[in-house]
1. Identify, please: which residue in the range 42-60 is modelled with pLDDT under 95 and touching a Ser or Thr at 6+ places or on another chain (Cβ under 7 Å) and is, among those, nearest to Ala77 (Cα to Cα)?
2. Quick one: which of Ile68, Ile29 is at negative phi and either at pLDDT below 85 or in a strand (DSSP E or B) (or both)?
3. Among the listed residues Asp93, Asp152, Asp116, identify the single one that is under 30 Å from Gly28 (Cα atoms) and of a type outside the set (S, T, N, Q).
4. Can you name the residue in the range 145-177 that is in a helix (DSSP H, G or I) and over 18 Å from the mean Cα position of the chain (by Cα) and is also surrounded by the most Cβ atoms within 10 Å (Cβ to Cβ) among such residues?
5. Considering the range 238-277 alone, what residues qualify as being charged (D, E, K, R) and either in contact with an Asp or Glu (Cβ under 7 Å, 6 or more places away or on another chain) or under 21 Å from Val38 (Cα atoms) (or both)?
6. Could you tell me whether any residue of the range 179-197 is crowded, with 16+ Cβ neighbours inside 10 Å, touching a residue at least 24 places away in the same chain (Cβ under 8 Å) and part of a helix (DSSP H, G or I)?
7. Which residues, taken from the range 91-137, are farther than 19 Å from Tyr219 by Cα, among the acidic types (Asp, Glu) and either part of a helix (DSSP H, G or I) or touching a residue at least 24 places away in the same chain (Cβ under 8 Å) (or both)?
8. Looking only at residues that are of a type in the set (D, E, K, R) and over 16 Å from Pro57 (Cα atoms) in the range 207-227, which one is modelled with the highest pLDDT?
Amino acid sequence: MTEPASAESGSVTALASADSQPLIELKGIRKTFGSNPVLDGVDLTIYRGEAVAIIGPSGTGKSTILRILAGLLAPDAGEVYVQGQRREGLIEDAADPIGIGMVFQQAALFDSLTVDENVGFLLYQHSRLSRQEIRRLVDHALNMVGLPGIADQYPAQLSGGMRKRVSFARAVIADPEANQDRPDLLLYDEPTAGLDPIASTVIEDMIRDLQQGEGCSGYVIVTHQDSTIRRTADRLVFIYEGKIQWQGQVHEIDQTDNPLVRQFFSGQVEGPIRVIG
């Protein structure tokens, strides 16, 4: 097995010097499901404003890392720090000092609710805002993802790409009661999975546009798709066998001698990555 890379890229160093406190940090994270160890001592630091892709073969713990970052899943061992504060428990146990939004692989919309009710779900359920104020926020979020005027439609009336964008709107909707203008961090789990190349390009462009506009400060994305990796990420984190094996800039994909990375992007069967099945 290839040893994990010890040096991070220059841009990470630059970010660290510009903002010495990480936005979110994982230290020694371990997670096992049943008898299957998924994460084995993962250390990962995310700085404000970064665009990071977590990549690697299927079943290597990428989505598990995402859920631990989001506070939806607790590690078996290790520590999670959010702006220097250790997170105790899950996101529901205490509010994080930053806003975190998550876009799931499947849009995960409620079919029986309108787009308005889906996007504004948490605000309708838990805030003291009026329905008119929440609807205004929903309309604004839908405008941000290029879907004005569909708030009263149902998910079944939308294409797959449109449903995906509705899930983006739900992730970026602001909560004025939390003094939140936009999330500090968005987490994307396979946002272009199952989409045709043109629809994927629309989503990839939107991920970048949301960061450069009002959508979020930075993001972490899990993806297998080559175009999504190259078009949405600045820094790459390659995970295999529960460990981070390589980190680098996206332009280093075609230059690295790391055999795991070279096999992953070439799609070759022969190599250090074991082919399951």
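The values are calculated or read from the model by the stated rules, or taken from the named source; none is laboratory data. The structure presented is a predicted model; accordingly, all values stated were derived computationally and were not measured. We place every Cβ from the backbone using ideal geometry, glycine too, and count neighbours over all the protein chains shown.
1. Arg48
2. Details: Ile68 fails: either at pLDDT below 85 or in a strand (DSSP E or B) (or both).
Within the list Ile68, Ile29, the selection yields Ile29.
3. Numbers: Asp152 fails: under 30 Å from Gly28 (Cα atoms); Asp116 fails: under 30 Å from Gly28 (Cα atoms).
The conditions single out Asp93.
4. As a first pass, look at the range 145-177 and keep what is in a helix (DSSP H, G or I): 155-157, 160-172, 176-177.
Checking the rest, the ones that are also over 18 Å from the mean Cα position of the chain (by Cα) come to 155-157, 160, 162, 176-177.
Details: Pro155: 18, Ala156: 9, Gln157: 12, Gly160: 13, Met162: 20, Pro176: 12, Glu177: 11.
If we take residues in the range 145-177 being in a helix (DSSP H, G or I) and over 18 Å from the mean Cα position of the chain (by Cα), then Met162 is surrounded by the most Cβ atoms within 10 Å (Cβ to Cβ).
5. Glu241, Lys243, Arg274
6. So far as the range 179-197 goes, no, none of its residues is crowded, with 16+ Cβ neighbours inside 10 Å, touching a residue at least 24 places away in the same chain (Cβ under 8 Å) and part of a helix (DSSP H, G or I).
7. Asp111, Asp116, Glu117, Glu133
8. Kept after step one, since they are of a type in the set (D, E, K, R), are these residues of the range 207-227: 208-209, 214, 226.
Subset that is over 16 Å from Pro57 (Cα atoms): 208-209, 214.
Numbers: Arg208: 91, Asp209: 88, Glu214: 74.
Per the stated criteria, the residue is Arg208.
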